[in-house]
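Enquirer: Take this structure first; my questions come after.
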Amino acid sequence: METQEVITSDGLQHAQSQLEYLYTVGRAKVAQYLYDAKESGDVIDNAAYEDAKNQQALLEGKIQYLEQLLAKAKLISEVRTDVVSLGSVVHLRNSDDREYHYKLVGAYEANPSAGRISNESPVGKALLGQKVGDLVIVSTPGGVKEYTILSIS
């Protein structure tokens, strides 16, 4: 069974613009790199030509990934504020009285240092379906963490 990738409208726009960039600018750069490497001499022991072929393979892999992502993406259209769901911004306090704001997103958009956590991460999974005031206990690679949900927006 093929899984759907959930994505916000911002994430969808980013993926589409990244794909468009790779189709146009990325492919043109790699094609020029391949051409230049071929022109510089024998392709048998040509490190630049090998590197250009590797760059082309990486580029095509990224394009294929983005095409598949967009084909199976499910847009998060309605964000609930009564319970934590995809697209929710959750304000938390841990047991040390430190506060955090996390936006719950799909794996493609996750960027923990920017406050965007995946619904597949330990914290993301534990928060899903919880309400304001709930105590959430999460087992993370860094140990067991406790959070109290202060608000959902």
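The values are calculated or read from the model by the stated rules, or taken from the named source; none is laboratory data. Not measured: the values here are computed from a predicted model. Glycine gets a Cβ as well: all are built from the backbone with ideal geometry, and neighbour counts include every protein chain shown.
Enquirer: Would you mind telling me which numbered condition in (1) among the aliphatic types (A, V, I, L, M); (2) in a helix (DSSP H, G or I); (3) without any contact (Cβ under 8 Å) to a residue 24 or more places away in the chain; (4) closer than 20 Å to residue 5 by Cβ residue 69 fails?
Expert: (3)
Enquirer: Scanning for something in a loop (DSSP other than H, G, I, E, B) and either in contact with a Phe, Trp or Tyr (Cβ under 7 Å, 6 or more places away or on another chain) or within 30 Å of residue 143 (Cα to Cα) (or both), does segment 29-40 turn up at least one residue? Can you show your working first?
Expert: Quick first cut of segment 29-40, residues in a loop (DSSP other than H, G, I, E, B) only: 40.
Then drop every residue that is not either in contact with a Phe, Trp or Tyr (Cβ under 7 Å, 6 or more places away or on another chain) or within 30 Å of residue 143 (Cα to Cα) (or both), which leaves none.
So far as segment 29-40 goes, no, none of its residues is in a loop (DSSP other than H, G, I, E, B) and either in contact with a Phe, Trp or Tyr (Cβ under 7 Å, 6 or more places away or on another chain) or within 30 Å of residue 143 (Cα to Cα) (or both).
Enquirer: For the structure I just gave you, tell me whether residue 78 is at pLDDT below 90, within 30 Å of residue 116 (Cα to Cα) and in contact with a Phe, Trp or Tyr (Cβ under 7 Å, 6 or more places away or on another chain).
Expert: Values: at pLDDT below 90: yes; within 30 Å of residue 116 (Cα to Cα): yes; in contact with a Phe, Trp or Tyr (Cβ under 7 Å, 6 or more places away or on another chain): no.
It is false that residue 78 is at pLDDT below 90, within 30 Å of residue 116 (Cα to Cα) and in contact with a Phe, Trp or Tyr (Cβ under 7 Å, 6 or more places away or on another chain).
Enquirer: Right, something else. Return the total of residues in segment 27-74 being under 16 Å from residue 17 (Cα atoms) and modelled with pLDDT under 90.
Expert: Count: 1.
Enquirer: Please indicate, with yes or no, whether at least one residue in segment 128-135 is assigned to a strand (DSSP E or B) and modelled with pLDDT under 95.
Expert: Applying the first criterion (assigned to a strand (DSSP E or B)) to segment 128-135 yields 135.
This time we only want the ones that are modelled with pLDDT under 95, so: none.
The answer is no; no qualifying residue exists.
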